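The values are calculated or read from the model by the stated rules, or taken from the named source; none is laboratory data. All values reported here derive from a predicted model rather than from experimental measurement. Every residue, glycine among them, receives a Cβ derived from its backbone with ideal geometry; neighbour counts consider all protein chains shown.
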Amino acid sequence: MLGVVFTEFTDMVEQAFGAETLDEMIGGVESRLESGGAYTAVGTYHHNEMVLLVSQLAKQTGRDIDELVELFGQHLFGRFVVRYPVFFEGIDHALDFLETVEGHIHFEVRKLYPAAELPTFVCDRKAPQLLVMEYHSTRPFATLCRGLIKGCAQHFGAQLEIDESPLADEASGMCFTIRII
């Protein structure tokens, strides 16, 4: 996974739960982290490190893992708006933005980070207010995707209804049906 995801996660933990919780989280799994818990935005890290960090945070805070990952997705979307404003230029609606992720945003990310293992999105705009978005990944982060979708809705001031169903042929794949309400 790209290092920016890790640095934003640690920033979110510090902001939401405090520096002491962040230190305890990393210290609780440090011996199992290949990176030793030191992340840079331009680095690349194994996704299992994120799984370990989130699991440790859940244990410390008593919060559900999916709740924490979704919260992080919402936070991450807001940070993407700040860090990469060019991706949001000329887009006024949440569903319009979500349709650009694979063809525009991931295309640009792959140019900068050719070795990046990004998820793949297949979008089908069924109607102006309805988007079916398939999330394809070898990593178990569909909940992060849901959080990013919710963060997108917050950014664009949209009220969304999100239904999801696992993709039959993929352990980590998910089909999101997103309606503006």
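Determine whether Gly78 is under 14 Å from the mean Cα position of the chain (by Cα), crowded, with 18+ Cβ neighbours inside 10 Å and among the small types (Gly, Ala, Ser).
In short, no.
Can you name the condition, by its number, that Asp11 falls short on among (1) over 23 Å from Leu118 (Cα atoms); (2) among the acidic types (Asp, Glu); (3) modelled with pLDDT of 95 or more?
Checking Asp11 against (1) over 23 Å from Leu118 (Cα atoms); (2) among the acidic types (Asp, Glu); (3) modelled with pLDDT of 95 or more, the one that fails is (1).
Suppose we keep only residues that are of a type in the set (Gly, Ala, Ser) and modelled with pLDDT under 90 within the range 88-117. Which one would you say is surrounded by the fewest Cβ atoms within 10 Å (Cβ to Cβ)?
Ala115
Would you be able to tell me the number of residues in the range 91-108 that are more than 13 Å from Gln129 (Cβ to Cβ) and either free of Cβ contacts under 8 Å to residues at least 24 places away in the same chain or β-branched (Val, Ile, Thr) (or both)?
The total comes to 10.
Check whether at least one residue in the range 130-152 is out of contact with any Leu (no Cβ under 9 Å at 6 or more places or on another chain) and without any contact (Cβ under 8 Å) to a residue 12 or more places away in the chain, and report yes or no.
No; the residues of the range 130-152 include none that is out of contact with any Leu (no Cβ under 9 Å at 6 or more places or on another chain) and without any contact (Cβ under 8 Å) to a residue 12 or more places away in the chain.
State the number of residues belonging to the range 118-134 that are of a type outside the set (Phe, Trp, Tyr) and surrounded by 14 or more Cβ atoms within 10 Å (Cβ to Cβ).
10
For residues that are within 15 Å of Phe72 (Cβ to Cβ) and surrounded by fewer than 15 Cβ atoms within 10 Å (Cβ to Cβ), tally how many sit in the range 12-27.
So the count comes out to 1.
Please report, ordered by residue number, the helices (runs of 4 or more DSSP H) entirely within the range 70-181 with at least 1 residues that are touching an Asp or Glu at 6+ places or on another chain (Cβ under 7 Å) and closer than 22 Å to Ser55 by Cβ.
142-156
Yes/no per residue for (1) over 15 Å from the mean Cα position of the chain (by Cα); (2) more than 14 Å from Asp96 (Cβ to Cβ):
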site	(1), (2)
Pro128	yes, no
Cys152	no, no
Phe156	yes, no
Glu161	yes, yes
Thr177	yes, yes
